[in-house]
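Accompanying notes for the structure given below.
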Amino acid sequence: MEDKIRLHHGSGGLFMQKLIHDLFLKHFTNKTIRSLTDSAILSLKPGKIAFTTDSYVVDPLFFPGGDIGKLAVCGTVNDLAVSGAVPRYISSSFILEEGFALADLETIVKSMAKAAREAGVVIVTGDTKVVPRGKADKVFINTAGIGYIERKNVHISQGRRTKPGDLVLINGTIGDHGMTLLNARGDFHFSSSLESDCISLTSLIQPVLMNAGGIRFMRDATRGGLAAVLCEFAEKSGFGIEIDETKIPVKQEVKAMCELLGFDPLTIANEGKVVLVVNKLLGEEVLEIMKCNKKGKNSAVIGRIVEDHKRKVRLRTSSGGSRWIDLPAGDQLPRIC
Amino acid sequence: MCLGIPAKIIFIDDEMATVSVGGVEYPASLQLLPGASVGDFVIIHAGFAIEKVDLKEAEETIRIIHEIEKVSRNNSL
Amino acid sequence: MRFIDEYRESELVLGIAESIRKRSTRNIVLMEVCGGHTMAVHKFGLRELLPETIRLISGPGCPVCVSGTGFIDNVVKLAKMPGNIIATYGDLVRVPGSSSSLEQEKGTGADVRFVYSVLDSLDIARRNPDRTIVFPGIGFETTAPATAAAIFHAHKEGLQNFKVLSSHKVMPPVMRALIDEGVKIDGYIAPGHVTAITGTEMYRPIVEKYGLGIVVAGFEPTDILQSIKMLVAQFEDHDPKVEIQYSRVVKPEGNSIARKLMDEIFEPRDDRWRGIGMIPDSGLKIRRKYQSFDAEKHFELPETEETEPAGCICGEVLKGLKIPTDCPLFAEVCTPVNPVGACMVSNEGTCAAYYRYRKSEGHGR
């Protein structure tokens, strides 16, 4: 009984077939993928299609609140969801390092299946490659996603209807994912109950789109954190943004770890957070809808779009001063000074 | 040189302490502060406790700062 | 978080700022010499709260900024040697030497690892007995005792594969040198955690010789503003002295155990400060008794040449003589993403902090 990935698992023959049947299809159970055709033949509502892809190389593979599999599904689903689309179909491609434990692969695949069910998507096609030991770091996953998007929501991903006075909202606490990962890597020996916020956002966003409208723009705050989303949007829209630090939800543990290491929570990665720009007249309503959802229970209005300081983001600090928020230059490094 | 944060000592084993801040626990060396005890608040810098936080002085500083604020507020009324 | 949140309340911060505004009638130049203070002023957005009369300049308080290209070049050289592991604080990783940085070397295969505590680098040494672990010792008197503690442990255990490349420096000589060089300073905001170790006695001769005030400041916004208020009061009353604002942590006598450990392992030496040059007795060198842990001796590293990139005026910025916008490279060639000099690459370097304040309302100085 094999317990590790070997080169023959990727060479298209008997062993690969066995891997697909015994492992992948055990957990990816839909008819389309089980037909194992070269392409998945799908139906979509007539209209616009949203399409995205992402690759996942996270280390460590398993962390509190998730794993690379859950990330690979939720990350791609969220790129579609924050564009205003309803995600439907996902592809998943694996690059496996020779010697990778089959049990770990199964855990990841099972996790992907669960995340897909929760997100209301189907993993309809996939691919598996195996590379020699040392040519990849355990496992890399690429997922691509397709969803349908109603015409009335197409403007959202560009934010073209943004106006001064529009409100900036976020659906919960920032920095949970990045600090969880940092801790999971074991470099700093922190003990805490912090978990990644990795979750699919479709079921949070669709009710808002259907019941309230007024969404000007959305983006998920992944690498580079909230700071990256705000800076990029300010630059793109040409407007200024004002943020109130006292309104930004941050967990105590994230604050504490950031203080210890000299990090700015605004620049830390998230995997279950969406930043929304909303018509100010509909802000309260959107907030209420989000707060009723468990994925948005800590939602808050954190700022607004302004005419002043065009293309720049100003933070009113919790101590009464203010400063600019800048695009982070790279991953933060722990400081002593 | 300067990044140091006040944390509470919750456990000591020989020269190493476990400190807690904001719900996060973390190991710190007491080699530079051997007199510290469980329950003390200490400043942690680069994994070492460098000094204790004096509770009385902390309260006094807060009192002075509040006093300054009160005077400022009264003067602007 | 206790002893943090209560010192950040905005009413208190604004209250102190208001009282500073009332008290400050004459132009005054204050210098902070601690990277932690530079960062805090930026993070809490304190500059705009100060009145026009106060000019707050950042001095050479960033240990990375003052270490010079020669030190980085030596660390890079050691990183390139197969068999070496560089275990370093994150502050150093992106600093450019004359041709490369640790980050670049890591990208081409050098074994460079971040540590939060120097004790982690001892662990790496224990787990890799066939490799040599080099720890670049940066920082001032707050951090030097930690390095001393590590060398002390290594000596006790006979951990011969652990080496320290010391670039540790001490504050008082540079505080004097700046004024001797003609930098106009009316008061120093002194580093709180450095002084928690050293005690305040070392500042007294500076006050006596130069007639300026020194206030030992904490790192929360109310601490920094209260310290500025105290310095302004001393200045307005023509009463320069040493005062401790950060009394909850700093005692006049400091931490004698930490100092004893530092003295056991290190001795003073003349040291080069970027942009200032050689300052007598301003650096720390590992004593002969512990020289087997001294990377300089072990690797026979040569005296370093200091090379400033053409056009870079980090030196004058570090001294507070020029501001970043005076530099021809600032924001055009030299940016946080593409730093030329250390003042830009280090998050708390004056140029990096300035880049973030640019076009701010208020005084942006």
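Residues to consider are A:101, A:144, A:115, A:119; find the one that is farther than 24 Å from residue A:203 by Cβ and not acidic (Asp, Glu). Walk me through how you get there before you give the answer.
Working: A:144 fails: farther than 24 Å from residue A:203 by Cβ; A:115 fails: farther than 24 Å from residue A:203 by Cβ; A:119 fails: farther than 24 Å from residue A:203 by Cβ.
After applying the criteria, what remains is A:101.
Just one of the numbered conditions (1) modelled with pLDDT under 95; (2) polar (S, T, N, Q); (3) buried (at least 22 other Cβ atoms within 10 Å of the Cβ) is not true of residue C:282; which one?
With (1) modelled with pLDDT under 95; (2) polar (S, T, N, Q); (3) buried (at least 22 other Cβ atoms within 10 Å of the Cβ) applied to residue C:282, the lone miss is (1).
Every residue, every condition in (1) part of a strand (DSSP E or B); (2) touching a Phe, Trp or Tyr at 6+ places or on another chain (Cβ under 8 Å); (3) of a type in the set (Val, Ile, Thr); (4) over 30 Å from residue C:59 (Cα atoms), yes or no:
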| site | (1), (2), (3), (4) |
| --- | --- |
| B:8 | yes, yes, no, yes |
| B:12 | yes, no, yes, yes |
| B:59 | no, no, no, yes |
| B:63 | no, no, no, yes |
| B:70 | no, no, no, yes |
| B:75 | no, no, no, yes |
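From C:165, C:122, C:102, which residue is modelled with pLDDT under 95, crowded, with 22+ Cβ neighbours inside 10 Å and not assigned by TED's automatic domain parsing to the domain that holds residue C:206?
From the options C:165, C:122, C:102, the qualifying one is C:102.
Tell me, which residue of the range C:254-271 that is more than 14 Å from chain B (Cβ to nearest Cβ) and crowded, with 21+ Cβ neighbours inside 10 Å is modelled with the highest pLDDT?
Residue satisfying both the conditions and the ranking: C:266.
Here is a yes/no grid of residues against (1) in contact with a helix residue (DSSP H, G or I) (Cβ under 6 Å, 6 or more places away or on another chain); (2) under 26 Å from residue A:195 (Cβ atoms):
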residue	(1), (2)
A:19	yes, no
A:27	yes, yes
A:54	yes, yes
A:93	no, no
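Considering only the range B:30-57, state which residues are facing chain C (nearest Cβ under 7 Å), surrounded by fewer than 20 Cβ atoms within 10 Å (Cβ to Cβ) and not in a loop (DSSP other than H, G, I, E, B).
Across the range B:30-57, the qualifying residue is only B:57.
So, in the range C:46-70, exactly how many residues are out of contact with any His (no Cβ under 9 Å at 6 or more places or on another chain), within 13 Å of chain B (Cβ to nearest Cβ) and not hydroxyl-bearing (Ser, Thr, Tyr)?
7
Looking at this structure, is residue C:53 within 30 Å of residue C:126 (Cα to Cα) and out of contact with any Phe, Trp or Tyr (no Cβ under 6 Å at 6 or more places or on another chain)? Lay out the reasoning, then the answer.
Numbers: within 30 Å of residue C:126 (Cα to Cα): no; out of contact with any Phe, Trp or Tyr (no Cβ under 6 Å at 6 or more places or on another chain): yes.
When the stated conditions are applied, residue C:53 does not pass them.
Would you be able to say whether some residue in the range A:213-223 is β-branched (Val, Ile, Thr), in contact with a Phe, Trp or Tyr (Cβ under 9 Å, 6 or more places away or on another chain) and either farther than 18 Å from residue A:283 by Cβ or not in a helix (DSSP H, G or I) (or both)?
No: the range A:213-223 contains no residue that is β-branched (Val, Ile, Thr), in contact with a Phe, Trp or Tyr (Cβ under 9 Å, 6 or more places away or on another chain) and either farther than 18 Å from residue A:283 by Cβ or not in a helix (DSSP H, G or I) (or both).
For residues in the range C:287-333 being among the small types (Gly, Ala, Ser) and under 21 Å from the mean Cα position of the chain (by Cα), which is farthest from residue C:157 (Cα to Cα)?
Looking at residues that are among the small types (Gly, Ala, Ser) and under 21 Å from the mean Cα position of the chain (by Cα), I get C:320.
List pairs: first in the range C:239-253 and touching a residue at least 60 places away in the same chain (Cβ under 8 Å) and within 8 Å of another protein chain (Cβ to nearest Cβ), second in a loop (DSSP other than H, G, I, E, B) and crowded, with 17+ Cβ neighbours inside 10 Å, Cβ under 9 Å, 6+ apart or cross-chain?
C:248/B:53; C:248/C:3; C:248/C:218
Taking the residues in the range A:78-102 that are among the acidic types (Asp, Glu) and more than 16 Å from the chain's Cα centre (by Cα) as candidates, determine which candidate is nearest to residue A:277 (Cα to Cα).
First pass over the range A:78-102, keeping only residues among the acidic types (Asp, Glu): A:79, A:97-98.
Applying the additional criterion that residues be more than 16 Å from the chain's Cα centre (by Cα) yields A:97-98.
Details: A:97: 42, A:98: 46 Å.
The qualifying residue nearest to residue A:277 (Cα to Cα) is A:97.
Residue under question is residue C:35, and the condition is that it be small (Gly, Ala, Ser) and either in contact with an Asp or Glu (Cβ under 7 Å, 6 or more places away or on another chain) or closer than 16 Å to residue C:187 by Cα (or both); does it hold?
Yes; evaluated as a whole, the condition is true for this residue.
Please enumerate the residues belonging to the range C:62-94 that are of a type in the set (S, T, N, Q) and touching a residue at least 60 places away in the same chain (Cβ under 8 Å). Steps first, please.
Let us first name the residues in the range C:62-94 that are of a type in the set (S, T, N, Q), namely C:67, C:69, C:74, C:84, C:88.
Matches in the range C:62-94: C:67, C:69, C:74.
Checking residue B:25 against (1) in a strand (DSSP E or B); (2) within 8 Å of chain C (Cβ to nearest Cβ); (3) more than 23 Å from residue C:255 (Cα to Cα), which test does it fail?
The one condition residue B:25 does not meet is (2).
Hey, does the range C:7-14 have a residue that's at pLDDT below 90 and in a loop (DSSP other than H, G, I, E, B)? Show your work before the answer.
Start the filter on the range C:7-14 by keeping residues that are at pLDDT below 90, which leaves none.
Within the range C:7-14 (the criterion being at pLDDT below 90 and in a loop (DSSP other than H, G, I, E, B)), the answer is no, since none of the residues qualifies.
Can you tell me which residues in the range C:304-325 are in contact with a Leu (Cβ under 7 Å, 6 or more places away or on another chain), surrounded by 16 or more Cβ atoms within 10 Å (Cβ to Cβ) and modelled with pLDDT of 80 or more?
Once the filter is applied, which keeps residues that are in contact with a Leu (Cβ under 7 Å, 6 or more places away or on another chain), surrounded by 16 or more Cβ atoms within 10 Å (Cβ to Cβ) and modelled with pLDDT of 80 or more, the range C:304-325 yields only C:312.
Considering only the range C:268-294, state which residues are within 19 Å of residue C:136 (Cβ to Cβ) and without any contact (Cβ under 8 Å) to a residue 40 or more places away in the chain.
Within the range C:268-294, C:269, C:287, C:291 qualify.
Residues of the range A:316-335 being over 14 Å from residue C:47 (Cα atoms), touching a strand residue (DSSP E or B) at 6+ places or on another chain (Cβ under 7 Å) and at the interface with another protein chain (Cβ under 7 Å from one of its Cβ atoms), which ones?
Passing the criteria: A:333, A:334.
I'd like to know if the range A:281-297 contains one or more residues that are within 14 Å of chain B (Cβ to nearest Cβ), free of Cβ contacts under 8 Å to residues at least 24 places away in the same chain and more than 19 Å from the chain's Cα centre (by Cα).
no
Yes or no: residue A:261 within 14 Å of chain B (Cβ to nearest Cβ), surrounded by fewer than 23 Cβ atoms within 10 Å (Cβ to Cβ), more than 20 Å from residue A:229 (Cα to Cα) and aliphatic (A, V, I, L, M)?
Answer is yes for this residue.
Among the listed residues A:321, A:296, identify the single one that is modelled with pLDDT under 95 and of a type outside the set (Ser, Thr, Tyr).
When all the criteria are applied, what remains is A:321.
Given the criteria without any contact (Cβ under 8 Å) to a residue 60 or more places away in the chain, in contact with a Phe, Trp or Tyr (Cβ under 9 Å, 6 or more places away or on another chain) and more than 26 Å from residue A:184 (Cβ to Cβ), does residue A:34 qualify?
yes
What number of residues within the range C:77-100 satisfy the criterion of being more than 19 Å from residue C:296 (Cα to Cα) and within 13 Å of another protein chain (Cβ to nearest Cβ)?
5
On the basis of being within 14 Å of chain B (Cβ to nearest Cβ) and surrounded by fewer than 17 Cβ atoms within 10 Å (Cβ to Cβ), does residue C:43 make the cut?
no
The values are calculated or read from the model by the stated rules, or taken from the named source; none is laboratory data. Because the structure is predicted, anything quoted here is derived from the model rather than measured. Cβ coordinates were reconstructed from backbone atoms using ideal geometry, including for glycine residues, and neighbour counts include every protein chain displayed.
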